[in-house]
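A short worksheet on the structure shown next.
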Amino acid sequence: MNRLATLLAALTVFWSAPAPASLLSITPDVRSVTLAPGAAWDATGTITNLSGFDLLSTEIFLEFSAYPHATLAPYQRLGGVEFTIGDRTISRLTELFHVDIAPDAARGLAWSMDVFAADVRGNFSDVTTYSFYIDGPAVAVPEPSTLPLLAAGFIALLAGAGLARPRTVHPGRSGG
C-alpha cells in the first residue's frame with residue numbers, strides 16, 4: 001500500500017499541469033544596446049494578447065523597475081498611436097518605450113532595466129530585461145604627479161619630526 005501511495009504522489013508531482021502562461025507578453029526587437037552618454041534609444045517590439053479580450057494599445061501600461069534612475073530615464077510610447085490587439089493575436093512591430101541616457105553617465109559600465117506590461121483588466125506580462133552598455137572606456141581618475149606627492153610627504157615628515165622631538169625642561173622655569 002505504501003508503494004502505491006508513493007507512486008501516486010510521484011506521478012502527481014511530475015505530471016501536474018504546467019503553470020499557465022502570462023496573458024500578455026512583450027517580445028522585444030532588441031534587448032541589448034550600446035549607447036553613448038547623452039544618447040537616446042527607442043525600444044520596439046510586439047505585444048501578444050491572450051487575455052480573452054481585444055485590447056487597445058492605450059489600455060496597456062508599461063512598468064519600469066530595477067534600473068539606475070540617475071543614468072536611465074525611460075518613458076512609455078506604447079499607446080501614443082491607438083490600435084487594436086485582438087485576443088489571441090500578436091501586435092505589429094511598434095514603439096514600446098523611449099530611454100534617455102544621462103549626459104554624465106559613467107562610460108564603460110553596463111546597466112539593466114526590467115519592463116513588464118499590465119492591462120486595464122489586471123493582466124500582467126512576465127518581466128523582460130533590457131541591457132544598456134554605456135559606450136567608451138571607463139574614465140580614468142588622474143593621479144597626482146610625483147613632485148607634489150614628494151613635497152607633501154616631506155612637509156608631513158618635518159611636521160611629524162617637530163612634534164615627536166622630546167621636550168626638555170630648562171632649570172629655573174616652571175613647568176606650569
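The values are calculated or read from the model by the stated rules, or taken from the named source; none is laboratory data. Please read these numbers as outputs of a predicted model, since none were measured by experiment. The accessibility values were calculated without ligands, DNA or RNA, using every heavy atom of the protein model including side chains. Shrake-Rupley method; radii C 1.70, N 1.55, O 1.52, S 1.80 Å.
Observations, loosely collected:
- The stretch 52-122: C-alpha gyration tensor shape, a/c 1.5 cut-off, then a/b vs b/c: prolate
- Heavy-atom accessible area per residue - the stretch 89-135, 1.4 Å, Å²: 49 Å²
- Taking each residue as 0.36 nm, the span from L56 to T27 lengthens on full extension beyond its C-alpha to C-alpha distance by 8.7 nm.
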